[in-house]
1. I'm trying to understand the selection: among the residues of the range 6-41, which are of a type in the set (Ser, Thr, Tyr) and surrounded by 14 or more Cβ atoms within 10 Å (Cβ to Cβ)?
2. Pairs needed: first member in the range 232-251, within 17 Å of residue 281 (Cβ to Cβ); second member anywhere, surrounded by fewer than 19 Cβ atoms within 10 Å (Cβ to Cβ) and among the small types (Gly, Ala, Ser); C-beta distance under 7 Å; at least 6 residues apart or different chains.
3. Hey, can you tell me all the residues within the range 263-272 that are touching a residue at least 40 places away in the same chain (Cβ under 8 Å) and either more than 17 Å from residue 187 (Cβ to Cβ) or open to solvent by less than 10 Å² (accessible area, probe 1.4 Å) (or both)?
4. Of the residues in the range 327-358, how many are within 21 Å of residue 272 (Cβ to Cβ) and in a loop (DSSP other than H, G, I, E, B)?
5. Does residue 299 satisfy being surrounded by 20 or more Cβ atoms within 10 Å (Cβ to Cβ) and assigned to a loop (DSSP other than H, G, I, E, B)?
6. Given the structure, is residue 283 open to solvent by 10 Å² or more (accessible area, probe 1.4 Å) and among the β-branched types (Val, Ile, Thr)?
7. For the condition at negative phi and touching a Ser or Thr at 6+ places or on another chain (Cβ under 7 Å), what is the one hit in 73, 63, 45, 92?
8. Please give the number of the condition residue 312 fails out of (1) farther than 15 Å from residue 49 by Cβ; (2) open to solvent by 20 Å² or more (accessible area, probe 1.4 Å); (3) assigned to a helix (DSSP H, G or I); (4) small (Gly, Ala, Ser).
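The values are calculated or read from the model by the stated rules, or taken from the named source; none is laboratory data. Note that this is a predicted model, so its numbers are computed, not measured. All Cβ positions, even for glycine, are placed from backbone atoms using ideal geometry, and neighbour counts span all protein chains on display. Ligands, DNA and RNA are stripped out before the accessible areas are found, and what is left, the full protein with its side chains, is counted by its heavy atoms. Shrake-Rupley method; radii C 1.70, N 1.55, O 1.52, S 1.80 Å.
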Amino acid sequence: MSTALHVAGVILPGGEPGEFWVRDGRISFEPVPGAETLGRDGYLVPGLVDAHCHPGIGVGGPVSLEEAAAQAVADRDAGTLLIRDCGLPIDVRPLQQRADLPTIIRAGRHLALTKRYVPGLGIELDDPAQLPAAVADQARDGDGWVKLVGDWIDRGAGDLAPLWPDDVLAEAVKVAHDHGARVTAHVFGEAALPGLIAAGIDCLEHGTGLSAGQLEELAHHDVALVPTLINIENFPGIADKAGKYPAYAAHMRALHAGVGEMVATAVEAGVRVFAGSDAGGMVEHGRLVDEIEALHRAGMTREQALASGSWAARDWLGHPGISDGAPADLLVYPSDPREDLGVLRHPRHIVLGGVVYG
């Protein structure tokens with residue numbers, strides 16, 4: 001059971017000094033007699049948000065529930081207190097019941113075609129026409145998100161290629177929306193983007209092939225972008241291992257070379273960009289701060305980059321920050337992370353559900 005706490009300091013995002021109390025795991029702006037004072041001079045930040053994370057995937061594919069829990073602990077201990085799983089091959093609902101783990105928003109299983117994605121991770125459909133029904137199933141089973149694989153290498157063509165016809169995509173997105181779910185899609189290259197955007201997609205993962213004109217479209221239609229920059233750093237290594245597919249290898253190197261400019265253009269266009277580590281597989285868990293720093297290097301201000309992995313992402317996902325009645329999921333830092341993002345690596349306290357970790 002959580003202890004009643006008194007917390008004071010500079011509250012972000014507002015940036016004004018303030019104080020609040022924690023009782024029964026929730027924030028209260030009414031004093032709680034006998035509360036233990038956690039600190040008076042820190043910077044108080046809503047718990048970090050990893051908008052693209054896979055607690056349940058390891059370097060070899062699906063992992064056990066016990067291993068997934070250990071991955072979530074690694075994320076928590078680095079300050080991530082809210083995760084959008086963005087596609088998992090295992091059922092992590094038991095982890096959602098654990099008060100010591102970050103809140104997990106489940107997006108169900110990746111939806112792909114046979115032999116057109118990483119083996120063992122997604123549901124592989126035999127025919128694109130099956131996509132709308134599969135989307136309906138995932139929308140009913142998940143927590144308000146459905147994850148599509150928008151493109152992947154087509155070994156016959158020797159390069160990235162779309163998985164779905166445009167009309168099927170449009171029907172699938174409509175089905176998800178009719179079920180009250182939002183849709184996001186993995187997409188690396190350029191060819192799949194027009195169909196995804198025209199279908200009314202809600203978010204794009206990676207988006208390395210986005211043009212300036214398409215970024216204007218995303219901003220106009222409020223389509224979010226989670227660029228996963230620290231995973232894109234793996235593209236040259238992927239290309240080096242793709243000697244049988246020279247067009248694909250060259251394409252991946254070009255996408256890697258242009259991703260910084262793409263993110264800078266997205267920010268300038270007003271696209272809502274969020275921090276996602278893509279932890280699981282090629283990226284270790286607990287690296288969200290690396291992604292926040294990468295977004296800053298790509299063109300976000302420090303405060304924008306922090307917001308993309310904290311209060312702005314919480315608002316986008318429908319989870320409160322530091323507000324009356326909200327779950328007490330917050331971080332206490334000794335100095336202002338808006339001035340130095342490196343501060344995020346050394347929280348004085350991590351508070352999850354009113355319980356102090358560290």
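1. Listed by number, the list holds a single entry, 28.
2. Filtered contacts from the range 232-251: no entries.
3. Correct list: 266, 269, 270.
4. Initially, the range 327-358 is screened for residues within 21 Å of residue 272 (Cβ to Cβ), giving 337-338, 341, 344.
Pick out the ones that are also in a loop (DSSP other than H, G, I, E, B) and you get 337-338.
Going through the range 327-358 one residue at a time, the tally reaches 2.
5. So residue 299 does not fit the description; no.
6. So residue 283 does not fit the description; no.
7. That would be 45, the only listed residue that is at negative phi and touching a Ser or Thr at 6+ places or on another chain (Cβ under 7 Å).
8. Result: residue 312 passes all but (1).
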